[in-house]
1. Over all distinct alpha-carbon pairs, what is the Kirkwood Rh of the chain in angstrom?
2. Would you check the chain for Lys pairs whose C-alpha atoms are within less than 17 Å, ignoring same-chain pairs closer than 8 in sequence, and give me the count?
3. If each of Ser74 and Phe30 carries a label point 7 Å out from its Cα toward its Cβ, how far apart are those two points in nm?
4. Relative to the longest principal axis of the C-alpha atoms of the chain, give the angle of the C-alpha long axis of helix 2-13, reported between 0 and 90° and rounded to the nearest 10°.
5. Read phi for every residue in the stretch 36-46 and hand back ³J(HN,Hα) as whole Hz from Karplus 6.51 cos²θ - 1.76 cosθ + 1.60, θ = phi - 60°, with x for Gly and Pro.
6. What distance in nm lies between label points placed 7 Å from Cα along the C-beta direction at Tyr67 and Leu51?
Amino acid sequence: MQAIDNKISEWEASTFKGDYSDAKRQSNEFVNYKTSLKRTWVADKRDIDTLLGNIQTKLKTYELKPYHPPHGLSLHVTFNWFAIAAFMYICSLSSVVFCIH
């Protein structure tokens, strides 16, 4: 989750020089992120969701109290915020490219 927060901070702190080469470089970095790091994170999230589902099933089977992650550790909230941050970043980048052309 720290890596996700770091990536969001990186996007929020990014600035655009306004020239095509900078926009193209940042666009290539974003594409590289989507094809590598994001896929890994999505796979990890899917594995954790599966594991938590199995735990909840076992707890229900043995009539135990359900498990709820501590506040701030919800994967769904984190990934939703991450998706919004990625969308905002790519929109900003696209608008710079559009203005250049």
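1. 15.9
2. Number of lysine pairs found: 5.
3. It is 2.7 nm.
4. With rounding to tens, the tilt is 30 degrees.
5. Karplus-based 3J(HN,Hα) across the stretch 36-46 equals 10, 4, 4, 4, 5, 5, 5, 5, 4, 4, 4 Hz.
6. In this crude spin-label approximation the distance works out to 0.9 nm.
Read-outs throughout are calculated quantities, based only on the coordinates presented, and are distinct from any laboratory measurement. This structure is a prediction, so every number in the text was calculated from the model and none was measured. Note: ideal-geometry Cβ built from the backbone for every residue, glycine included; neighbour counts use all protein chains shown.
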